[in-house]
């Protein structure tokens with residue numbers, strides 16, 4: 001196919017002209033980047049500029065220099081292109097370099113770079129900027145919580161949450177903390193633990209039990225006027241009223257209290273640590289240190305009770321007459337079908353499971369979920385009929401957003417009235433409904449039809465990997481709004497402008513967790529499988545209110561996620 005500049009939309013041509021002139025606004029720069037991700041035609045035009053510029057630079061021999069002879073800011077000291085990011089609210093301006101050279105730089109950075117930088121194999125042939133590498137913060141992770149409550153004014157935590165340089169304040173219950181050094185700390189409330197690194201913490205108050213494997217040997221735990229170094233493998237510490245009690249459960253520790261010489265303690269040795277005096281040996285076994293055994297049994301009972309609460313919610317929700325379809329992805333080895341549970345039961349709405357794998361859900365051992373980690377994994381559904389509105393709700397556990405788009409629920413052909421619900425690689429939820437698949441889009445000339453994508457603010461990053469979250473998006477033609485929700489809270493609401501209003505909605509053939517367009521003749525398909533798990537999905541033919549979304553979240557959430 002022959003892609004030409006004049007086949008771009010007027011808006012796209014203006015963006016390129018303004019970009020090359022150095023007068024593009026930061027808002028239009030952001031829109032240009034988004035359009036490049038979606039439009040192969042726009043990327044192709046920019047790559048043609050790059051190819052032509054390479055030829056001119058090879059002939060001219062002055063590549064990388066502007067009209068004043070200075071090195072172009074588009075090039076690093078080694079001659080490789082570097083990314084330029086606009087400051088908020090400012091115009092982007094570039095030096096007066098030869099227009100084709102500027103176009104080539106733009107094409108390279110925003111065409112090739114955006115195409116390849118966002119792929120799993122990003123960086124091939126490109127300069128990788130260290131500051132662009134995804135990162136997270138923390139020294140430790142909360143492995144498990146048991147009946148945990150939090151001190152007033154302190155931070156609340158969830159299982160799987162990261163802990164950095166902070167004071168962990170537990171009012172009651174028990175927590176299991178895994179340090180990245182390999183040490184494990186069991187904390188019983190009330191307690192205050194100051195985390196300093198993956199190798200060091202301080203018990204300000206409370207009872208802890210530390211287990212240190214060989215790889216974490218040397219882990220330090222401080223108490224008032226005391227430093228304890230674990231030499232392997234397990235000890236307990238209680239701090240109350242500025243005084244402490246330390247006891248070796250197994251292995252050996254080194255203790256330095258106040259200005260005294262270091263003491264080595266072995267199994268069953270115990271010390272009392274006085275605030276205004278020296279450390280003195282005492283008989284072991286006087287203090288009961290935190291033990292997960294009893295809490296584990298209590299937690300299991302609570303987990304089962306919590307699961308039963310959810311099953312009551314499930315049965316109630318299934319009878320909601322506004323439901324189009326309801327899937328809970330419970331494993332049934334006898335069939336590859338994913339039953340639609342909405343009442344009255346309609347097996348025609350059952351889903352066909354393809355390569356998706358049953359795995360542990362929000363209640364491990366009690367409920368399963370589906371994992372879509374392979375590119376071909378999906379659930380196929382066919383949902384006939386016309387609807388006045390859409391609400392999509394799902395419990396998902398995202399492991400990574402390592403592709404441009406991660407599908408949640410996608411209409412096959414994206415024809416008039418059909419929805420696309422997905423997540424972009426920057427963590428933004430996306431909901432769109434095709435308004436008219438036969439109408440050219442004056443704003444997006446290369447799109448399949450006339451529509452608009454409604455984005456949420458970024459709602460996910462790598463620190464949330466493996467965490468169960470509740471997502472909901474509402475398409476409400478009656479009030480001309482699109483809303484996005486995370487964990488029961490509305491994070492955005494946008495107007496449906498009159499030109500994009502459509503009141504007769506449909507689904508037809510669609511996929512959960514992927515988008516493969518099975519009726520295509522070309523075997524190539526975009527990789528959009530959700531890299532993670534889905535535990536529950538409900539699709540409504542009504543626009544739920546913010547109170548209803550919050551209520552469904554509270555009724556379906558697991559206390560131990």
Of everything in segment 17-40 that's at pLDDT 70 or above and not in a helix (DSSP H, G or I), which residue is surrounded by the fewest Cβ atoms within 10 Å (Cβ to Cβ)?
23
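Within the group 448, 472, which residue is closer than 23 Å to residue 510 by Cα and in contact with a helix residue (DSSP H, G or I) (Cβ under 6 Å, 6 or more places away or on another chain)? Walk me through how you get there before you give the answer.
Details: 448 fails: in contact with a helix residue (DSSP H, G or I) (Cβ under 6 Å, 6 or more places away or on another chain).
Result: 472 is the single residue among 448, 472 that is closer than 23 Å to residue 510 by Cα and in contact with a helix residue (DSSP H, G or I) (Cβ under 6 Å, 6 or more places away or on another chain).
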Please state which of the following conditions residue 164 fails to meet, knowing it meets all the rest: (1) within 25 Å of residue 397 (Cβ to Cβ); (2) more than 24 Å from the chain's Cα centre (by Cα).
(2)
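Name the residue that is farthest from the chain's Cα centre (by Cα), counting only residues in segment 343-359 that are within 25 Å of residue 375 (Cβ to Cβ) and without any contact (Cβ under 8 Å) to a residue 40 or more places away in the chain.
So in segment 343-359, the residues within 25 Å of residue 375 (Cβ to Cβ) come out as 350-359.
After this cut, where a residue has to be without any contact (Cβ under 8 Å) to a residue 40 or more places away in the chain as well, the list is 350, 352-355, 357-358.
Values: 350: 28, 352: 27, 353: 24, 354: 24, 355: 23, 357: 20, 358: 21 Å.
Filtering segment 343-359 for residues that are within 25 Å of residue 375 (Cβ to Cβ) and without any contact (Cβ under 8 Å) to a residue 40 or more places away in the chain, the one farthest from the chain's Cα centre (by Cα) comes out as 350.
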Regarding segment 458-467, can at least one residue be identified that is within 21 Å of residue 372 (Cβ to Cβ), without any contact (Cβ under 8 Å) to a residue 40 or more places away in the chain and assigned by TED's automatic domain parsing to the domain that holds residue 430?
yes
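Can you tell me which of 250, 268 is within 30 Å of residue 144 (Cα to Cα), assigned to a loop (DSSP other than H, G, I, E, B) and either in contact (Cβ under 8 Å) with a residue 40 or more places away in the chain or not assigned by TED's automatic domain parsing to the domain that holds residue 342 (or both)? Give the steps one after another, and end with the answer.
Details: 250 fails: assigned to a loop (DSSP other than H, G, I, E, B).
The conditions single out 268.
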What about residue 192, is it part of a strand (DSSP E or B) and under 25 Å from residue 241 (Cα atoms)?
yes
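Quick one: which of 466, 478 is modelled with pLDDT of 95 or more and outside any strand (DSSP E or B)?
Details: 466 fails: modelled with pLDDT of 95 or more.
None of the others qualify; the one that does is 478.
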Scanning segment 193-216 for residues that are surrounded by fewer than 17 Cβ atoms within 10 Å (Cβ to Cβ) and either outside the structural domain of residue 257 (by TED's automatic domain parsing) or under 16 Å from residue 250 (Cβ atoms) (or both) gives 213, 214
Mind checking which residues of segment 424-444 are crowded, with 18+ Cβ neighbours inside 10 Å and touching a helix residue (DSSP H, G or I) at 6+ places or on another chain (Cβ under 9 Å)?
424, 433, 435, 444
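Being crowded, with 16+ Cβ neighbours inside 10 Å and either modelled with pLDDT under 95 or more than 19 Å from residue 324 (Cβ to Cβ) (or both) narrows it down to one of 447, 461, so name that one.
On the way: 461 fails: crowded, with 16+ Cβ neighbours inside 10 Å.
Sole residue among the options that is crowded, with 16+ Cβ neighbours inside 10 Å and either modelled with pLDDT under 95 or more than 19 Å from residue 324 (Cβ to Cβ) (or both): 447.
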Of the conditions (1) surrounded by 15 or more Cβ atoms within 10 Å (Cβ to Cβ); (2) within 22 Å of residue 167 (Cβ to Cβ); (3) touching a residue at least 40 places away in the same chain (Cβ under 8 Å), residue 275 fails just one. Which one is it?
(1)
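The values are calculated or read from the model by the stated rules, or taken from the named source; none is laboratory data. The structure displayed is predicted, hence computed values, not measured ones. When we count neighbours, we look across all protein chains shown, and the Cβ atoms used for this are built from the backbone with ideal geometry, even at glycine.
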